[in-house]
Amino acid sequence: MELLNNIQLAYCTNVHRGSTWDETFESLEKYVLEVKKLICPEKRFAIGLRLGAKAARSLSDLTKINLFKKWLDRNNCYVFTINGFPYGNFHGTRVKEQVYRPDWTDSNRLAYTIQLFKILEKLLEKGEEGSVSTLPASFKEFHPSGKIPAIAFENIVKCADEIERISKAKKLDLHLGLEPEPLGSFETTAETITFFNELDNFSTLSNLKNLIGVNYDCCHLAVEFESAQSGLNKLKEAGIRLSKIHLSSALRAKPTDQNKELLNSFVEDVY
């Protein structure tokens, strides 16, 4: 839904299972519409759509996407942002570091992300703003040297070129949000700024920082013991676009024996 100053607040569907479009659409009808009834039954409801690669390939079909647009209109909903971080399964089976595969060194990640922007372009009206969120280049343990491979930067720049091209016909403001995360290629605000400074060296685009920004997940930065106010101010000072904010939370507890025992109940194999 739209808040003050053109800020959009969306319900993110990555909390629901769905690797195929049929599974994703089932969760929209079964859960998301129920949330809408509770939150804003009379107003337009924004959906932060999580689309895995299988679902994206299916929804790219023009007939299916037109049917989805009619469903959105009928239910007074809209999509302005897509979660493109998890490429494959995100529920039910072990995820952990596999959520980073394929990473930005892989052309499959590039193709998938471009496909998401093509879907988003069809869901937006002329002149509107939209975003896709993605992983922070890769996973630190995939590259033990500690250096992010040049191909990752090159693929992100190729994506920026495509975002610009896709945006032009409808004069859209489209942007990709890279999401700092613990053990990602960049996980702190300082590492994020370093990454963006290096990214500049791989592009001749004058508006690169308008096309590529940061998806700031409050939980991810909280477990890095960062202050959101300080981190967000540093990103602003560095001229890095705030593409999206994930309002999420993390548990905080003193490491007493009792608390450590209680935290064991949160241990599971999926994440």
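The values are calculated or read from the model by the stated rules, or taken from the named source; none is laboratory data. Quick caveat: nothing in here was measured; it's all calculated off a predicted structure. Don't worry about glycine lacking a Cβ; one is built from the backbone with ideal geometry, like all the others, and counts go over all protein chains shown. Side chains are part of the model used for accessible areas, which takes the heavy atoms of the whole protein and leaves out ligands, DNA and RNA. Shrake-Rupley method; radii C 1.70, N 1.55, O 1.52, S 1.80 Å.
Ranking of 106, 22 by solvent-accessible surface, largest first: 22, 106 (1.4 Å probe, protein heavy atoms only, all chains present).
Let me have the relative contact order for the chain, percent, based on Cα pairs under 8 Å that are six or more residues apart. It rounds to 15 percent for the chain.
When only the Cβ of Lys, Arg, Asp and Glu is charged (+1, +1, -1, -1), the dipole of the chain relative to its Cα centre reaches about 780 debye. Mean-square fluctuations from a GNM of the chain, with a 10 angstrom spring cutoff on Cα atoms, peak among 210, 155, 201 at 201. With the whole protein complex present, residue 30 retains an accessible surface near 120 Å², based on a 1.4 Å probe.
The separation of the range 103-158 from the range 54-80, counted between C-alpha centres, amounts to 22 Å. Taken per residue, the accessible surface of the range 112-271 reaches 53 Å², heavy atoms only and a 1.4 Å probe. The accessible-area ordering, largest first, of the residues 187, 164 stands as 164, 187, per a 1.4 angstrom probe. Peptides 137-144, 172-179 ranked from most to least packed by the mean count of surrounding Cβ atoms within 10 Å: 172-179, 137-144.
For the chain, the mean residue ellipticity at 222 nm estimated from helices alone is -11500 deg cm²/dmol, where every DSSP H run of n ≥ 4 contributes -39500 (n - 2.57) and the total is divided by all residues, rounded to the nearest 500.
Nearest-5 percent of antiparallel DSSP beta bridges in the chain?
5
Compactness of the range 20-125 is given as radius of gyration and Dmax, 14.4, 44 Å, from Cα positions. Across the range 57-206, C-alpha contacts under 8 Å between residues 6 or more apart give a mean separation that, scaled by the residue count, equals a relative contact order of 24 percent. The number of Lys pairs in the range 40-155 with C-alpha atoms less than 16 Å apart, excluding pairs fewer than 8 positions apart on the same chain, is 10.
As an equivalent ellipsoid, the range 80-204 spans semi-axes of 25, 18, 12 angstrom, where each value is the square root of five times an eigenvalue of the C-alpha gyration tensor, largest first. Solvent-accessible surface (1.4 Å probe) assigned to residue 44 amounts to roughly 120 Å². Note on residue 26 and residue 2: their simple-model spin labels are 3.5 nm apart, each label 7 Å out from Cα toward Cβ.
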